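The structure's right below; bear with me while I get my questions together.
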Amino acid sequence: MILLDRVSKTYPRRSGAALQRISLHVEPKEFVIVVGPSGAGKSTLLKLLTREEKPTSGKIIIGGIDYERLKDKDIPKLRRRIGVVFQDFKLLPNKTVFENVAFALEVVGASKREIQNTVPKVLNIVGLKGKEKNYPRELSGGERQRVAIARAVIRQPKILIADEPTGNLDPKHAWDVIRVLEKINKYGTTVLLTTHNQEIVNKLKRRVVTIKDGQIVSDKANAEYEL
Ligand code: ADP
Ligand code: MG
């Protein structure tokens, strides 16, 4: 599903590589947690997968697509296969919950009927039934993040990338969000999660990839947080 072979990334105006010869293989339907200190390169790794950044060297193949051969015109198609959730939600403040989620379908030309059918189903999955007409400012942080997840998964991506999705949340709301990620994973989506939250990592007991100074220093199944 995801294959990185000796991938390095050097940013302009930054001395040294943000990522150095990272090799990683993620199977379909895996749930992988990426941990590491701030500045280690976690977000850079995720940005390479969404093609927000290009590697300086190395090979990236996702769902059979070799990124070296990827044309700019193929990027929207790629983005449909990969849902993304960020720490700061990035919801549209002047749209309701329903409209925020529907928007992800409107931009790909879905019919009104399809939107009316699909949005309630996804809101149900993330536990937001009854909040359709609320605006983001009327929701808790955890609820906002679940709207963002609904929006990210409504086009049924093969991969869901969540970059510190619980970073702004208190423990209870953080767990609500994590439970939703687990549910989406159970339905068959590969999940890549970065987090600083030691308790979450230890309780989830998933594969944990630890990055330090741009390198993978450990990669273990059913692992706990270690730094
Ligand atoms: P993490 O998500 O693990 O905190 P990042 O991937 O965001 O780390 O950053 C890794 C390193 O790359 C940091 O030293 C950061 O300052 C640097 N970096 C990230 N993005 C850029 C950029 N666009 N330009 C220059 N340096 C960057
Ligand atoms: Mg980051």
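Taking the range 47-79, which residues are in a helix (DSSP H, G or I) and of a type in the set (A, V, I, L, M, F, W, C)?
Within the range 47-79, the subset in a helix (DSSP H, G or I) is 47-49, 67-69, 72-79.
Of everything in the range 47-79, those that are in a helix (DSSP H, G or I) and of a type in the set (A, V, I, L, M, F, W, C) turn out to be Leu48, Leu49, Ile75, Leu78.
Given the conditions (1) without any contact (Cβ under 8 Å) to a residue 60 or more places away in the chain; (2) touching a strand residue (DSSP E or B) at 6+ places or on another chain (Cβ under 7 Å), report the number of the one that Arg206 does not fulfil.
Against the list (1) without any contact (Cβ under 8 Å) to a residue 60 or more places away in the chain; (2) touching a strand residue (DSSP E or B) at 6+ places or on another chain (Cβ under 7 Å), Arg206 comes up short only on (1).
Residue under question is Val209, and the condition is that it be among the β-branched types (Val, Ile, Thr), in a strand (DSSP E or B) and crowded, with 19+ Cβ neighbours inside 10 Å; does it hold?
For Val209, the condition - among the β-branched types (Val, Ile, Thr), in a strand (DSSP E or B) and crowded, with 19+ Cβ neighbours inside 10 Å - is met.
What's the number of the condition Ile60 fails, among (1) closer than 30 Å to Ser140 by Cβ; (2) of a type outside the set (Lys, Arg); (3) open to solvent by less than 30 Å² (accessible area, probe 1.4 Å); (4) away from ligand 2 (no atom under 16 Å from the Cβ)?
(1)
Identify all residues within the range 6-49 that are basic (Lys, Arg), under 17 Å from the mean Cα position of the chain (by Cα), open to solvent by 20 Å² or more (accessible area, probe 1.4 Å) and within 13 Å of ligand 1 (Cβ to nearest atom); write none if there are none.
First, pick out the residues of the range 6-49 that are basic (Lys, Arg): 6, 9, 13-14, 21, 29, 42, 47.
This time we only want the ones that are under 17 Å from the mean Cα position of the chain (by Cα), so: 29, 42, 47.
Now narrow it down to the ones that are open to solvent by 20 Å² or more (accessible area, probe 1.4 Å): 29, 47.
Once the filter is applied, which keeps residues that are basic (Lys, Arg), under 17 Å from the mean Cα position of the chain (by Cα), open to solvent by 20 Å² or more (accessible area, probe 1.4 Å) and within 13 Å of ligand 1 (Cβ to nearest atom), the range 6-49 yields only Lys47.
The values are calculated or read from the model by the stated rules, or taken from the named source; none is laboratory data. Keep in mind that this is a model prediction, so the values were computed, not measured. So basically every Cβ, Gly included, is an ideal-geometry build from the backbone, and we count neighbours across all protein chains shown. These area figures cover heavy atoms from the full protein model, side chains too; ligands, DNA and RNA do not enter into them. Shrake-Rupley method; radii C 1.70, N 1.55, O 1.52, S 1.80 Å.
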